[in-house]
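Coordinate-derived values only; no laboratory data. Just so you know, these numbers come straight off a predicted model, no measurement behind them. Glycine also receives a Cβ, built like all others from the backbone with ideal geometry; neighbour counts cover every protein chain displayed.
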Amino acid sequence: MSDGAQASAARPALADERRWLLLVLAVAFMLRVGLAFGLQAWLDDSVGRRFLIAGDADGYWELGRRLASGDEYSLYNPPRHVLRMPGFPALLAVAIRLVPGRPELAARLLLALTGTVACGLVWLLARLLNVPRAGVPAAAFCAISPLLAGFSVVLLSETLFAACLLLSLCGVAWLALPRAGDSASAQNPAASQNPPEPTAPASRIPSVLRAMLAGLCTAAAVYARPAWLLAAPLLGVMLLVAAWRHRWSISPARMIGLVLVLHLTVAAALLPWALRNRQVTGHLVWTTLWMGPSLYDGLHPGATGLSDMTFFEADRAQLAGLSEYEINEVYRQRALEFLRNEPGRALILAGVKQLRYWSPWPNAAGFRHPLLRTAVALFSIPLLLLAGYGAWQFRRQWWLLALTLGPLLYFAALHTLFVGSLRYRLPAEYPLSILAAAGLLTLRNHIPGNTFRHKPIKNR
C-alpha cells in the first residue's frame with residue numbers, strides 16, 4: 001500500500017481515537033473539578049484549615065502570595081531567598097491574582113486543569129513513542145486514578161511537575177522521531193517495531209527547533225521540581241546512545257549537536273533564576289539551597305526514612321549567623337559524613353525509603369483510612385503489575401522503556417538518599433501508565449476466547 005493510501009486509512013481511526021480522548025479528558029476534568037469543590041468545602045466547613053497537607057503547602061502559598069503582591073521572594077526570618085523553585089508558586093500567584101476572594105479554590109481548579117492536561121500529554125507521549133493504541137487507555141487510567149485525581153487538587157507541586165515532566169519526555173521523544181521522507185530503516189527504536197504515523201509532528205519541524213523545545217520543556221520541569229535537573233544529562237546520553245545503536249535518520253554526529261542545543265537551552269532558561277540567586281546569596285545557584293537540609297533529613301543518626309525537619313528548628317541557635325548558602329553546605333556535609341561513617345545504617349534506611357516509595361497505598365499518618373488505602377491499592381497494584389508485564393513484553397524496545405519506566409526508576413534511585421514516600425512516585429505514574437496500557441493490550445490478545453481483541457502491538 002502506498003504512503004498516501006496508508007495515510008487515508010489511518011485518518012478515520014485517528015479521528016475515532018481523538019473522540020475517545022476528548023471523552024476521557026472531559027471525565028478527568030469533571031472528576032477533578034468535583035474533587036476541588038469537595039475538598040475546599042470540607043476544609044472550610046469541617047476541618048477549619050486552609051491546606052490538606054500543611055508544611056510544604058504553607059510555604060508554597062506564602063511564596064505565591066508574595067509573587068502575586070510583588071513582595072520579596074523569600075520565607076522566614078532571617079529570610080531564605082532560595083528555598084523553593086518558583087514554578088509552583090508562580091501558578092499559585094496566578095490563582096491569587098485572578099480570584100482574590102477565593103484564591104485556594106481557584107488554585108485547586110487551576111491544578112484540576114493542569115492534571116487534565118497531564119492526561120492528554122500521556123496520550124501524546126504514547127503516540128510519539130509509537131505505541132498509539134496504548135494512548136487512550138493510559139490517559140483513561142490517569143483520569144480516574146484515585147491517587148492522581150486526588151493529588152491534582154492538593155496544593156502541592158506534584159501535579160504541575162508531572163505535567164512539566166511529561167512535556168520534557170514528549171520533547172525528547174519528538175526529537176528522536178524521523179523527518180518526512182526518511183526511509184523506513186531510519187526510525188527510532190520504538191518505531192522500528194511499529195510503522196510511524198504518517199502525520200508524525202516531527203515530519204514538519206526542524207530538528208534544531210525540536211531540540212530547543214525539548215530543552216525549554218526540561219527547564220520548565222526543573223522550575224517545578226529541581227530534582228529533574230539531573231535527568232537532563234541522562235536524557236542527552238540516552239539520545240546519543242540510541243542514535244549510535246539504532247542508526248536513526250539523525251546521525252550520531254548530528255545528535256551530539258542537537259543534545260548540545262538541548263542542554264544549552266536548559267542552561268539559558270535557568271540562567272535568570274541562577275543570576276537572581278547570585279544577586280541575593282553571592283553564589284550562582286541553579287536550583288535551590290534546600291538540598292542540604294533535605295539530604296540530611298534522610299541521612300542522619302535519628303533518620304527513620306520519613307520526613308522530620310524538626311532538627312532544623314533545634315539547630316537554629318547553633319546556625320545563627322550563617323548565610324543561607326552556608327547552612328545548606330553544613331547540612332550537606334553532615335549528611336555525607338553520616339553516609340561515610342555509617343554505611344550499614346544508610347543501607348537500612350535506603351531499604352525503608354524504598355518500601356515507602358513503592359508502597360501500593362498511602363503511608364502518611366493522616367491518610368490511613370481503610371477505604372482510602374483500598375481504593376488506592378486497587379489502582380496502584382494493577383498499574384505496577386501491568387507495567388512489569390509490559391516491560392517484559394517490550395524488553396527489546398529500550399527507548400520505550402527509558403521514557404516510560406525510566407522516570408519511576410530515576411526517582412526511586414534519588415529516594416534511596418532522600419526520604420521516601422508514595423508522594424514522590426506520583427509524577428512517574430503518568431508515563432508509567434503507557435507501559436501498563438501496552439502490557440494490558442498485549443495481555444488481552446493472549447487470553448483464549450477473548451472476542452474484543454485489539455490489533456496486537458508488535459514486539460519483534
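Counting Lys +1, Arg +1, Asp -1, Glu -1, what net charge surrounds L422 among other residues with beta carbon under 14 Å of its beta carbon? Before the final figure, lay out each step's value.
Numbers: positive: K353, R356, R368, R373, R423, R425; negative: E158, E429.
Neighbour charge sum, excluding L422 itself: +4.
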Using only Cα atoms, tell me the angle between helix 87-98 and the longest principal axis of the chain; keep it within 0 to 90° and round to the nearest 10. 80
Local charge sum around L299 (other residues, Cβ-Cβ under 14 Å, Lys/Arg +1, Asp/Glu -1)? +1
Taking the square root of 5λ for each eigenvalue of the C-alpha gyration tensor of segment 1-153, the equivalent ellipsoid has semi-axes, largest first and in whole angstrom, of 39, 19, 12
Net charge of neighbours whose Cβ lies under 14 Å from the Cβ of T116, counting Lys and Arg as +1 and Asp and Glu as -1: +2
Sequence-separation-based contact order of the chain, relative, with Cα cut under 8 Å and 6+ spacing, percent: 16
5 Å is the cut-off here: which amide hydrogens, built 1.01 Å from N in the peptide plane, fall below it relative to R80, excluding neighbours closer than 5 in sequence? L75
Quick note on V261, V82, V241, ordering by fewest other C-beta atoms within 10 Å, gives V241, V261, V82
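Would you mind computing Rg(Cα) / (2.2 N^0.38 Å) for segment 236-369, counting N as its residues? Intermediate values should be presented prior to the final figure.
Details: Rg = 20.6 Å, N = 134, 2.2 N^0.38 = 14.1 Å.
Rounded to two decimals, the normalised Rg is 1.46.
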Roughly speaking, what % of Cα-Cα pairs in the chain are separated by over 33 Å, rounded to a whole number? 39
With θ taken as phi - 60° and the coefficients 6.51, -1.76 and 1.60, list the Karplus ³J(HN,Hα) couplings across segment 67-73 in order, rounded to whole Hz; mark glycine and proline as x. 5, 5, 9, x, 7, 4, 7
For the chain, what is the mean residue ellipticity at 222 nm derived from helices alone (per DSSP H run of n ≥ 4: -39500 (n - 2.57); sum divided by total residues; nearest 500 deg cm²/dmol)? -21500 deg cm²/dmol
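If r is the Cβ-Cβ distance from D58 to R345 and R0 is 41 Å, what FRET efficiency results, to the nearest 0.05? Please list the in-between numbers first.
Values: r = 32 Å, r/R0 = 0.77.
That gives a FRET efficiency of 0.85.
Not counting the cut sites, what is the longest span of the chain without chymotrypsin sites (Phe, Trp or Tyr not before Pro) that DSSP labels loop and that have at most 13 other Cβ atoms within 10 Å?
Details: sites that count: Y76, F452.
Longest site-free region, per DSSP loop and neighbour criteria: 77-451.
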